[in-house]
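Scroll down for the structure; my scribbles are underneath it.
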Amino acid sequence: MLLVLYVAPVLRPTYRRMSFFSDWDATHYLTIARSGYPQLETAGQGFNGTAAFFPLMPLLTRGVHEVTRLSLRTSGIAVANLAALAAFCVIWVLFREFVGQDRATIGVALMAFWPASFVLSMVYGDGLLVLLAGGFLLMLNRRRWWAASAFGVGAGLARPSGVLLAFSGAWAAHEAWRQRRSWLPWLGALGPVVGLVAFQVYTWVELGNPVAWYTAQRRGWHNGFDFGQTFWSHTFTALHQPTARIDLVISLVAGIIGAALVVWMIRIRLPATLTIYAGAVILLAVGSGFGGSIPRFCLDAFPIFLAPAARLRTTTTTVLIACSGAGLVLLMLVVELTRTTTP
């Protein structure tokens, strides 16, 4: 990433390095941190889709800003990067519990060098999501239900994908119920749902719409779950015009890789809680009406990187990490210099 930020102004002299951290969706997060959620509709200004962005990143950014008096952008950069670093640590511990220390390191390296991982340094909510999702899945495995619930609430406030953790929580709760007949495990399963509901209640009070997030997604970003219709439409377009629509090609490749890794997780019988969450995120990505961010959704579905880490030889994973790192450089250059694909 530092290499790209060094080279980019050489390739395009008007490029500003600091814009990388606060560009694209980051502008919306910083707007929320600065002045809260705007009304969905304002006379003479049309529809505003800012309510599609979840509140945890803006909330923490504003908190760091108030405490340290750093600028909002600097505060957001600090939150995003510290969350990403913490996420790698938590996910390494999670992976270690299933495949051992060395394989866990490989899994985290595969995740860190995934081509879309540069978004973890931008003022996006993905770093917070993978941190909280990793903590949630780790607590489920250790059967610490109260802690799992707390992580789940945070994940439900970080990104829409966070609520999908409830499926993994329900599976773990069902397994625990069969053994001990206790209702406590269901507390962990409800955490992500509580986070999402809390956000909806807040926007209901502030914006007067009980489903403001859904409305913003549909009307502001023309996005919704269409059972993969858009993905397959993009697939045919990408196959016919691979050079004209590089963004569709990238999303197609990422979607295929993500789905294949989920199938691999099922075949080698990796833990059900991890497989269910990863599969749900990939299904949401492929089935979404806006397929431009599928590489980022694969990052959110981080358990997929456990499959190659668990079964491939070290030399093979080393080659994969090197190739993925090269892909990271290329994708970041494409995003920053051409803006033909969405991070």
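The values are calculated or read from the model by the stated rules, or taken from the named source; none is laboratory data. Keep in mind that this is a model prediction, so the values were computed, not measured. Here the Cβ is made from the backbone with ideal geometry for all residues, glycine too, and neighbour counts use every protein chain on show. These accessible areas exclude ligands, DNA and RNA; they are computed on the full protein's heavy atoms, side chains included. Shrake-Rupley method; radii C 1.70, N 1.55, O 1.52, S 1.80 Å.
Below are the figures for this structure:
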| quantity | calculated |
| --- | --- |
| The stretch 154-228, accessible surface, carbon-and-sulfur percent (1.4 angstrom probe) | 66 percent |
| Check: the stretch 1-153 dipole with +1 on Lys, Arg Cβ and -1 on Asp, Glu Cβ, in debye | 280 debye |
| Compactness relative to 2.2 N^0.38 Å, alpha carbon Rg of the stretch 1-141 | 1.21 |
| Cα Rg over Rh - the stretch 37-80, Kirkwood | 1.13 |
| Virtual spin-label span in nm between residue 225 and residue 93, 7 Å along Cα→Cβ | 3.1 nm |
| Positive-end extreme of charge dipole, the chain - chosen from 113, 68, 174 (charges on Cβ) | 174 |
| All Cα pairs of the stretch 204-343, percent lying beyond 18 Å | 63 percent |
| Listed candidates (1) 34.7, 97; (2) 19.8, 65; (3) 21.0, 67 - label of the one calculated as Rg and Dmax of the Cα atoms in Å | (2) |
| Percent RCO, i.e. relative contact order, over the chain, from Cα pairs under 8 Å lying at least 6 residues apart | 20 percent |
| Dipole axis of the stretch 1-97 (+1 Lys, Arg; -1 Asp, Glu on Cβ), positive-most option in 10, 85, 43 | 10 |
| DSSP loop trypsin sites (Lys or Arg not before Pro) with at most 10 other Cβ within 10 Å: longest gap in the chain | 70-180 |
| If the convex hull is drawn through the Cα atoms of the stretch 181-274, its volume per residue in Å³ | 153 Å³ |
| Accessible area in square angstrom per residue, the chain, 1.4 angstrom probe | 46 Å² |
| Overall form of the stretch 84-146 per C-alpha gyration tensor (a/c, 1.5; a/b vs b/c) | oblate |
| Karplus (6.51, -1.76, 1.60) ³J(HN,Hα), θ = phi - 60°, over the stretch 47-60, in Hz, Gly and Pro reported as x | 8, 10, x, 4, 5, 6, 9, 6, x, 5, 4, x, 5, 5 |
| 37, 124, ranked by accessible area, largest first (probe 1.4 Å) | 37, 124 |
| Percent RCO, i.e. relative contact order, over the stretch 135-256, from Cα pairs under 8 Å lying at least 6 residues apart | 20 percent |
| Within the chain: Cβ-based charge dipole about Cα centre, in debye rounded to nearest 20 (Lys, Arg +1; Asp, Glu -1) | 640 debye |
| Solvent-accessible surface (1.4 angstrom probe) belonging to residue 97, in square angstrom, nearest 10 | 70 Å² |
| Contact order normalised by residue count of the stretch 1-156, Cα under 8 Å, 6+ apart, percent | 21 percent |
| For residue 225, distant residues with modelled amide H under 5 Å away | 289 |
